[in-house]
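The values are calculated or read from the model by the stated rules, or taken from the named source; none is laboratory data. The structure displayed is predicted, hence computed values, not measured ones. Glycine gets a Cβ as well: all are built from the backbone with ideal geometry, and neighbour counts include every protein chain shown.
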Amino acid sequence: MKKSILIVASTLCVGLMVNNTFAQTQDSTKTSAPTTTPGTTTVQATGDVVSTLSSNADYSTAATAAKAANLSAKLPATGTYTIFAPNNAAFSKLPANKLDSLMKDTAKLASVLKEHVVSGKYGKAEIVKALVAGKGKATLNTVDGETLKLAVTPNHTVQLTDETGNSAEVTLYDLQGTNGVVNGINSILMPK
């Protein structure tokens, strides 16, 4: 009897630990105004991944930047993509006038945005699968050939780190586009 109770208790503990590791329950960038809806949000695909950014008000700056950089045209028409989109709070962390400067230099803006785009669809389920297969770590390549490393943080969130050491936590999953998915992050990654 004691052995059965111990097995059930152990199974429950492991299940809760795994669930907590991959459940995003709050956005660490929250200020007095809400910045993102935590967890998984499934939105009906009505456009490509770039236009999908417009479906969530917390990513309006990323949507504006993607349109200014003509990111849809820069991604090959054939393919599936994942955008790790910085939320509005991430853009507000930029030094004064940096966003304005980037918006005026569309080539540099496109380079920064492509740092957030990987080939393939990596929604929450695919990220969890990759992290489980990599024992808590995974590597993805951006469309410009840069490397993004994924890892589970001590706070049980998924963190992206680029080649220059910039990191961001995934705060929102699964905004569906016709050619991929958008996941929200709380910082901006910068290319080398």
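Return the pair list, or none, for Cβ contacts closer than 9 Å from residues in the stretch 53-68 that are surrounded by 22 or more Cβ atoms within 10 Å (Cβ to Cβ) to residues that are aromatic (Phe, Trp, Tyr), at least 6 apart or on different chains. Qualifying pairs under 9 Å: Leu53/Tyr59; Ala62/Phe91; Ala65/Phe91. Being crowded, with 19+ Cβ neighbours inside 10 Å, farther than 23 Å from Ser60 by Cα and either under 12 Å from the mean Cα position of the chain (by Cα) or modelled with pLDDT under 95 (or both) holds for only one residue in Thr171, Thr157, Thr153, Thr164, and it is Thr157.
Answer yes or no: is there a residue in the stretch 67-84 that is assigned to a helix (DSSP H, G or I), under 22 Å from Gln176 (Cβ atoms) and at pLDDT 95 or above. No. Summed over the stretch 156-173, the residues that are without any contact (Cβ under 8 Å) to a residue 24 or more places away in the chain and not in a strand (DSSP E or B) give a count of 1.
Taking the stretch 96-147 as the region of interest, the helices (runs of 4 or more DSSP H) fully inside it that hold 1 or more residues being within 17 Å of the chain's Cα centre (by Cα) and either closer than 24 Å to Val158 by Cα or not β-branched (Val, Ile, Thr) (or both) are 106-114, 124-133.
Check Asn87 against each of (1) within 22 Å of Val170 (Cβ to Cβ); (2) exposed (fewer than 15 other Cβ atoms within 10 Å of the Cβ); (3) among the polar types (S, T, N, Q) and name the one condition it does not meet. The failed condition is (2). Residues in the stretch 138-155 that are in contact with a helix residue (DSSP H, G or I) (Cβ under 7 Å, 6 or more places away or on another chain) and over 26 Å from Ala110 (Cα atoms): Val152 only. Taking the condition of being among the small types (Gly, Ala, Ser) and either closer than 24 Å to Thr147 by Cβ or touching an Asp or Glu at 6+ places or on another chain (Cβ under 8 Å) (or both), how many residues in the stretch 52-88 meet it? Qualifying residue count, the stretch 52-88: 7. When restricted to residues that are at pLDDT 95 or above, of a type in the set (Gly, Ala, Ser) and assigned to a strand (DSSP E or B), the stretch 174-192 contains 1. Lys121 fulfils the conditions (1) crowded, with 22+ Cβ neighbours inside 10 Å; (2) farther than 21 Å from Gly165 by Cβ; (3) touching a residue at least 60 places away in the same chain (Cβ under 8 Å) except for a single criterion, (1).
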